[in-house]
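Take a look at the structure below.
The values are calculated or read from the model by the stated rules, or taken from the named source; none is laboratory data. None of the values given here were measured: they were computed from a predicted structure. Here the Cβ positions follow ideal geometry from the backbone for every residue, glycine too, while neighbour counts run over all protein chains shown. Heads up: the accessible areas ignore ligands, DNA and RNA and are worked out on the full protein's heavy atoms, side chains in. Shrake-Rupley method; radii C 1.70, N 1.55, O 1.52, S 1.80 Å.
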Amino acid sequence: MSYKKILTIQDISCVGQCSLTVALPIISACGIETCVLPSAVLSTHTGGFTGFTFRDLTEDMPKIKDHWVKEGIKFDAIYTGYLGSTKQIDYVVDIFNATASDTCVKVVDPAMADNGKLYVGFDAEFVEAMKGLCGKADYILPNLTEACFLTGMEYKTEYDRAYIDEILEKLTALGCKNIVFTGVSYKPGTTGVVVYENGQYSYYEQLLLPNSCHGTGDIYASAFVGAFVRGKSAYDAAKIAADYTAECVKATAAEENHWYGAKFEPVICKLISALNE
Ligand code: PXL
């Protein structure tokens, strides 16, 4: 295995088991050097806490990029998650252009919405800018809500394959090359992930767990990126990430008070074992 270096750009939520506090340990555990660019520092994430602090690091981004360019630093993969402002999306494009190696894989998780709603602080202008960023990525990882915002499709909780196919077609029209579409459920009691690569559809189904946790999208995306950069196919990486995320949710189920994130740490060994299979 050659030693790979990845850059991940997302916020630090100091408390809340999401974004960088999830991506850094998970991708590192996959055996990949993980460089970070924090988009903002928040006291907690915005999903359920009130009165959180928010330090916007937008203006640091071009200066950090310029220094890396001067040092000749390039990345084998760049993975973006929660971005703190529309301006940051323009800066991410500059970072793609300036720091991607020739074979760099660009993965965009358009982390901006769930359960039919945009996260606090995001608006239509941000969604528009995110469409442009998704068009520049090699892989995007939307959930159903994000895919609906990106395509203007109605958000539904019950649907069939034709509905998902229409969303995939509209995402492709935005310029999205490959799509790892999470939380797609065709049958009660199930969930799953669609992997749509170069127009080829595949689907991995799982049992729907009785509990859900905040931050699972970040766990999923980090594990997908880690497995994919380790050399797994997109389908295998999507499956490994789905199985690991389910283990994290199960590990959290016993404690009602742990609503703000998933306990991904005690089961990280399962992710590492899956990578070595
Ligand atoms: O998990 C996505 C996420 C990341 N970062 C921040 C968030 C959220 C979701 O609410 O608020 C700050």
Please check which bits of the range 204-223 a label hung off Glu256 would reach, taking the label as a point 7 Å along Cα-to-C-beta and the cut-off as backbone N under 18 Å. 210-214
Given an 8 Å cut-off on Cα distances and at least 6 residues of separation, report the relative contact order of the range 5-275 as a percent. 17 percent
What percent do you get for the relative contact order of the range 141-275 when only Cα pairs under 8 Å and 6+ apart count? 18 percent
Please give, to one decimal in nm, the separation of the simple spin-label points placed at Tyr235 and Lys187, each 7 Å out from Cα toward the Cβ. 1.9 nm
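Contour minus end-to-end for Asn211 and Asp56, with contour as 0.36 nm per residue of separation and end-to-end as the Cα-Cα distance? If you can, show how the numbers build up before the last one.
Working: separation 155, 0.36 × 155 = 55.80 nm, distance 3.26 nm.
Length gained, Asn211 through Asp56: 52.5 nm.
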Taking a ≥ b ≥ c as the square roots of the eigenvalues of the Cα gyration tensor of the range 5-275, is the shape rounded (a/c under 1.5), prolate (a/b larger than b/c) or oblate? rounded
Probe 1.4 Å, all chains present, heavy atoms only: Ser212 accessible area in Å², nearest 10, is 110 Å²
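Please give me, ordered by residue number, the GluC sites (Glu not before Pro) of the range 112-161 that lie in loop per DSSP and have at most 10 other Cβ atoms within 10 Å.
On the way: sites: Glu125, Glu128, Glu146, Glu154, Glu158; in loops: Glu154, Glu158.
Passing sites in the range 112-161 are Glu154, Glu158.
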Leaving out same-chain residues fewer than 8 places away, which lysines sit with a Cα under 22 Å from that of Lys4? Lys65, Lys70, Lys74, Lys106, Lys136, Lys232, Lys239, Lys270
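State the extension gain, in nm to one decimal, for the chain segment bounded by Asn115 and Lys5, taking 0.36 nm per residue of separation less the distance between their alpha-carbons. Working shown, then result.
Numbers: separation 110, 0.36 × 110 = 39.60 nm, distance 3.33 nm.
Using 0.36 nm per residue and subtracting the Cα-Cα distance, I get 36.3 nm.
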For Asp243, put the label point 7 Å out on the Cα→Cβ axis and report which residues of the range 200-220 keep their amide N under 14 Å from it. 204-207
